[in-house]
Amino acid sequence: RSPFDHLLELREALRPGDQINVGQMALLFTDLRNSTRLYREIGDAVAFGAVMSHFDVLREEIAREGGSIVKTIGDAIMAVFPRPAPALRAITNAQSALASPPEGVRPLTLKAGLHAGPCIAVTLNERLDYFGSNVNIAARLEPLSTGEDCAITSDVRRDPEVLELLADPLSGLAAEPSEAMLKGFDNECFELWRVKRTIL
């Protein structure tokens, strides 16, 4: 059984409009930086090909770590993982691969945000989707990323596996503290961390 078999079972068990509290999930949102400029500079067809190739990199890294892409919107994705540490490995690996592609391939910069917490799963048009405050928080993080880091919440950083990953010098990852007000959460200042790869 893969770590995501339980989500496939959920999809089959839920009728349209049904909902179920999934419990703790890691929620990842990404978006290509300067993609509008990319289309203008190299033309629609070539840029579209680059965007599709970047999806291939994301799919491979996300699947390798036991995650699943929920949906794509333009050149952005939403993905879910059972635990945050694999999600953090997947996105930092994908960012590195896109920033340092094979010769002749244009480098791409990928903004990313990662949060973890309970959320609601709902079937819409025979597809599983996720909703709730924690999904909203996760979606607000990606715009705070420069593309050379992944913005994570303190909920992600406190996870024992994430702490272990960040403490491991072989991971090549470092976390810098930050904080921000998130749209829609006006009275709350969020403690955030910017996770960067220090070893390419």
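The values are calculated or read from the model by the stated rules, or taken from the named source; none is laboratory data. The structure presented is a predicted model; accordingly, all values stated were derived computationally and were not measured. Note: accessible area is taken over every heavy atom of the protein model, side chains too, but ligands, DNA and RNA are not part of it. Shrake-Rupley method; radii C 1.70, N 1.55, O 1.52, S 1.80 Å.
Per residue, the chain reaches -11500 deg cm²/dmol at 222 nm when only DSSP H runs of four or more residues are counted, each adding -39500 (n - 2.57). For region 24-139, the percent of C-alpha pairs falling in each 10 Å distance bin, counted from 0 to the bin holding the largest distance, reads 14, 44, 30, 11, 1. Solvent-accessible area of region 41-131 (1.4 angstrom probe, protein heavy atoms only): carbon and sulfur portion equals 55 percent.
Here's how it looks for LEU110: its modeled amide H is under 5 Å from those of ARG33, which are all 5 or more places away or on a different chain.
Computed over Cα pairs, the Kirkwood radius of region 69-123 leads via Stokes-Einstein (0.692 mPa s, 37 °C) to a diffusion coefficient of 252 µm² per second. Over all pairs of different C-alpha atoms in region 113-200, the reciprocal of the mean inverse distance, the Kirkwood hydrodynamic radius, equals 14.1 Å. Computed from backbone phi, the HN-Hα couplings of region 189-194 come to 9, 9, 7, 10, 9, 9 Hz, rounded to whole numbers (Karplus: 6.51 cos²θ - 1.76 cosθ + 1.60, θ = phi - 60°; Gly and Pro given as x).
For the chain, the convex hull drawn through the C-alpha positions has a volume of 132 cubic angstrom per residue.
Hydrophobic, long helices, defined as DSSP H runs whose alpha-carbon span along the helix axis is 20 Å or greater and whose mean Kyte-Doolittle value is at least 0.5, do not occur in the chain. Rolling a 1.4 Å probe over the protein heavy atoms gives the chain an accessible area of 53 Å² per residue. Under Stokes-Einstein, with the Kirkwood radius over Cα pairs as Rh, the value for region 131-173 at 4 °C and 1.567 mPa s is 110 µm²/s. For the chain, with a Gaussian network of springs between Cα atoms less than 10 Å apart, report the residue from ILE120, ILE91, ILE73 with the top mean-square fluctuation. The residue that fluctuates most here is ILE73.
For LYS111, the aspartates and glutamates whose Cα comes closer than 12 Å to its Cα, not counting residues fewer than 8 places off in the same chain, are ASP31, ASP75, GLU142, GLU148, ASP149.
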